[in-house]
Protein chains: 2
Amino acid sequence: VIDAADTPYLEVDLDQVERNIARMQRYCDDHGLALRAHVKTHKIPEVARRQIAAGAAGIVCQKVGEAEVMAAAGLDDILIAFPVIGAAKTRRLANLAARARVTVIADSHAVLRGLSAALAAAEVEAQVLVDCDTGLHRTGVGTPEAAATLAVEAHALPGLRFAGLFTHPTPADAGLLHAARRAVEHAGLAVERVSGGGTPGAYATHLNRGITELRVGSYVYGDRRCIADGTLSAEECALRVRTTVVSRPRPGSATVDAGSKTLTSDPARGEHPGFGLVVEYPAARIVALSEEHGHLDVSRCESAPAVGETVTVIPNHACGVSNLHDSVHVTGAAAPEATWAIAARGAVR
Amino acid sequence: VIDAADTPYLEVDLDQVERNIARMQRYCDDHGLALRAHVKTHKIPEVARRQIAAGAAGIVCQKVGEAEVMAAAGLDDILIAFPVIGAAKTRRLANLAARARVTVIADSHAVLRGLSAALAAAEVEAQVLVDCDTGLHRTGVGTPEAAATLAVEAHALPGLRFAGLFTHPTPADAGLLHAARRAVEHAGLAVERVSGGGTPGAYATHLNRGITELRVGSYVYGDRRCIADGTLSAEECALRVRTTVVSRPRPGSATVDAGSKTLTSDPARGEHPGFGLVVEYPAARIVALSEEHGHLDVSRCESAPAVGETVTVIPNHACGVSNLHDSVHVTGAAAPEATWAIAARGAVR
C-alpha cells in the first residue's frame, strides 16, 4: 500500500472512472457504435475489465507487449493499433492469436506478408483492418486504390481475414475512408468494420457516417489535454498526482517533488502552458520541470503552499504519466482502497 | 535476453562507458576533485560499481528509492541530492543510514528538523550539506547568512553532522558559495566539502576554486544534450536506442516504433531540434513523437530506410530514456553480451 505521505504517487478516483466509462458507453450505445477501449491510458487490467463490463466490444493495445499483459488477465478481444513487423513480433502475435480474438492493422505488403507467414505457420487467424492515412501522416495508405490492393491481398493470404478499414484520428472529412470503402467493395470484399479513434472529437463520431467503431482511451481518466479539448472538466479528471512542496527557494517560487519522471515532459495543448494544474492552488503555474523537481510560480497565489505541504496535480497527459509509475492508489466507493499495479507499464515492444 | 529483432530497445556499449568513466575520473584525479557519480543517468548498480572501481568517492541519488536500490546492491557511500521531507521518507532515510554512509542536503529548518528527528530516533547519523541557490532557483538558500544559520542548526541537531555546502549546477560565478563558506567559518564551523555538479561545464570545475567534489551523471552515457554542450561527441555516446521503421506513409516520411514512451518528450538543447539523432541516416530528422511512433522527415536523405529496417538513435536525454525501460542490452569486449536490469528505474519516491 502506498503511504499517503510518501509522494509523489498517482491517485485514481474509481467512482469518477466509472462515471467517465458510463458516459462514453452511453454515447456509443445511443449511436450504434462499437466502443473499443484503448488501454494505453491506464495500462491496468482491472480498469479494462470495467470498460468491458460496461459494454465495450473489446480493447485496443498499441504494442504486442501490452496485449500480452491484457490477454494474460483474461481480456480476449484485442485490436493492436500499430503495424506489427519483424519475426520476433509476429511470432508473439501468433501466440496471442491462439489465446484471444485478435485484430491487426496493415498499411504495406511487408506488414501483411510478415503477419500471414507467422499466423499461418501457427495455424491461427487474425482479422485485418487496412490502415488509411486521413491526414496525420503517421501510418496508413493514402489512396483508395492502395487500400483496395491491400484488402485483396489480406483476403488472399493465409492466417488473415480482411475485416475493414482503420484510421487515426477520425477525420472531420472522411473522404478517403468513403472512397476506400467503395474501392474495396468494388473489388468484391465486404467492409464489416470501419474503425476511428481519438478522445478529442469522440462525441462527434456519429456525424461521420460509415464509422462503426470508436477507439478511445483518454476519456477514462481525463487530463489537461482533455480539458483543453473540452471533452472533460477538471472535476471529471480521475487521475491525479500527489506531490509535496520540498523547497521555497525564494518568494513567489515553490518546488515540488514531481518532475518530468512523474509528470512527463509532454506539453498541454492550446492556450495551456505549463506542466499541470495544481488543484488546491489554481493560480499556481508549473513553469518548468527537472527530472525530479517541479518548478512552481506561486506569485499569483493569495497564499502559497508551505514546505512539507502536499498538493494535487492534474497532469497534461494521463497516458504518459501512467507509463512512468509502477502502481496507482485507488480510492472511491466503487472499490476498497487499494494499490493497483500498472501491469502494462513500459510495454514498448 | 533481448531479441535484436524485437525493437525498440536500449543498447549500451560498455567499452565506451569505461572510456567515458576513465576520462572524467582522470580529470578529477588531475585536479584533486572527488568524483561523485550520479546514478540518475543509468540507474544500474553494475555501472555504479564500475564508477567506484575507477576511483569515484561515492554515488549520488536523487531520491531515497534510488538510494535503497543502490545500497541493496552494495554501494555504501551515497549523497541524496534532494530535500528529504515527510515522516515516510525520513524513516526510510534512517534505515538507509544504518546500512550506508549517507549525506543529505537541506535548505530549510523544516527539512533539517525532520531529518534530525528520524535519524536521532534510529540512533544513526548523516552528513549534511547546506544547499545554496546559485542561480537555478530550484532549491537552496539565497544568502550567506541563511547558509550559516542552517549550518549552525545542523551542527547542533542530533543525528546530523554538518559537513559543507552544495549547489547545482556549479555556477560560473561562485560568489554565494565563497560568501557562504566565510559566513559558516565565521560561525566557527569547518567546511569540509563543497559539492558542485553537472556534466555541462564539468571539465571547467577546477577553475572554480573552493569546489572539492564534482557530481556528474550524463558523462557516463552521453546524449544529444552532451553533444550540444560539447562534452561528448556522437561517437562517444554509449547509450543507443534500436528502433524499426514500421511505415513509410508518404515519400519523405518514415515512422519508427520508438515514440515518447521510448525516447521521452525531452527537448535537446541549443540549435538541435527534434527528438534524437539517427546514426545511419544523419540527414533524417525526428520531427515529432507520438507515444509509440517516431515521425521522421527523411526527405533530405539520399536513400531512406525501408519498412522493416532497424536504425539506431542517440536520444536527447539519456537519463529520461533510462527511466522508461526495464533493461538494457549490453555489448562490448568489457563484458559478455548480457541484459542488465535498470534496477532503479521508476524510483521517484
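The values are calculated or read from the model by the stated rules, or taken from the named source; none is laboratory data. Since we're looking at a predicted model, the values are computed, not measured. Neighbour counts are summed over all protein chains in view; Cβ atoms, including those assigned to glycine, are modelled from backbone coordinates with ideal geometry. Surface areas here come from the heavy atoms of the whole protein model, side chains and all, with no ligands, DNA or RNA. Shrake-Rupley method; radii C 1.70, N 1.55, O 1.52, S 1.80 Å.
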Seminar exercise, completed: Of the residues in the range B:152-193 that are open to solvent by 20 Å² or more (accessible area, probe 1.4 Å) and β-branched (Val, Ile, Thr), the one that is nearest to residue B:112 (Cα to Cα) is B:152
Exercise. Quick check: is even one residue across the range B:297-308 under 18 Å from the mean Cα position of the chain (by Cα), open to solvent by less than 10 Å² (accessible area, probe 1.4 Å) and at negative phi?
Worked result: no
Exercise. Do you know which of the residues in the range B:1-57 that are open to solvent by less than 10 Å² (accessible area, probe 1.4 Å) and among the charged types (D, E, K, R) is nearest to residue A:92 (Cα to Cα)?
Worked result: B:43
Problem set entry | Subset tally (residues that are more than 12 Å from chain A (Cβ to nearest Cβ), in contact with a Phe, Trp or Tyr (Cβ under 9 Å, 6 or more places away or on another chain) and either of a type in the set (Gly, Ala, Ser) or in a helix (DSSP H, G or I) (or both)) for the range B:269-305 | 2
Exercise. Of all residues in the range A:280-299, how many are under 18 Å from residue B:267 (Cβ atoms) and of a type in the set (Gly, Ala, Ser)?
Worked result: 3
Exercise. Going by the structure shown, is residue A:255 among the hydroxyl-bearing types (Ser, Thr, Tyr) and either open to solvent by less than 30 Å² (accessible area, probe 1.4 Å) or within 23 Å of residue B:139 (Cα to Cα) (or both)?
Worked result: yes
For this session: Consider residue A:324 carefully, then state whether it is within 11 Å of chain B (Cβ to nearest Cβ) and more than 23 Å from the chain's Cα centre (by Cα).
Result: no
Seminar exercise, completed: Filtering the range A:83-99 down to residues that are outside any helix (DSSP H, G or I) and open to solvent by less than 10 Å² (accessible area, probe 1.4 Å) yields A:83, A:84
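Matching residues to (1) of a type in the set (Val, Ile, Thr); (2) assigned to a loop (DSSP other than H, G, I, E, B); (3) modelled with pLDDT of 95 or more:
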{"site": "A:307", "(1), (2), (3)": "yes, yes, yes"}
{"site": "A:328", "(1), (2), (3)": "yes, no, yes"}
{"site": "A:336", "(1), (2), (3)": "no, yes, no"}
{"site": "A:340", "(1), (2), (3)": "no, no, yes"}
Exercise. Does the range B:67-81 include one or more residues that are within 12 Å of chain A (Cβ to nearest Cβ), in a helix (DSSP H, G or I) and within 19 Å of residue A:255 (Cβ to Cβ)?
Worked result: no
For this session: Could you tell me whether the range B:123-131 includes any residue that is within 10 Å of another protein chain (Cβ to nearest Cβ) and either under 19 Å from residue B:195 (Cβ atoms) or not in a helix (DSSP H, G or I) (or both)?
Result: yes
Exercise. For residues in the range B:309-324 being part of a strand (DSSP E or B) and touching an Asp or Glu at 6+ places or on another chain (Cβ under 8 Å), which is surrounded by the fewest Cβ atoms within 10 Å (Cβ to Cβ)?
Worked result: B:312
Problem set entry | Of all residues making up the range B:300-327, the number that are of a type in the set (Asp, Glu) and in contact with a strand residue (DSSP E or B) (Cβ under 6 Å, 6 or more places away or on another chain) | 1
Exercise. Does at least one position in the range B:139-151 carry a residue that is touching a Ser or Thr at 6+ places or on another chain (Cβ under 6 Å), surrounded by fewer than 22 Cβ atoms within 10 Å (Cβ to Cβ) and assigned to a loop (DSSP other than H, G, I, E, B)?
Worked result: no
For this session: Mind listing just one residue for me: the one in the range A:255-268 that is within 15 Å of residue A:241 (Cβ to Cβ) and assigned to a loop (DSSP other than H, G, I, E, B) and, of those, farthest from the other protein chains (Cβ to nearest Cβ)?
Result: A:268
Exercise. In the range A:155-165, is there at least one residue being modelled with pLDDT of 95 or more, part of a helix (DSSP H, G or I) and more than 20 Å from the chain's Cα centre (by Cα)?
Worked result: yes
For this session: Being assigned to a loop (DSSP other than H, G, I, E, B), in contact with a strand residue (DSSP E or B) (Cβ under 6 Å, 6 or more places away or on another chain) and open to solvent by less than 20 Å² (accessible area, probe 1.4 Å) is the filter here, so list the residues in the range A:230-252 that pass it.
Result: A:237, A:238
Exercise. Looking at this structure, is residue B:252 within 14 Å of chain A (Cβ to nearest Cβ), farther than 20 Å from residue B:10 by Cα and touching a residue at least 12 places away in the same chain (Cβ under 8 Å)?
Worked result: yes
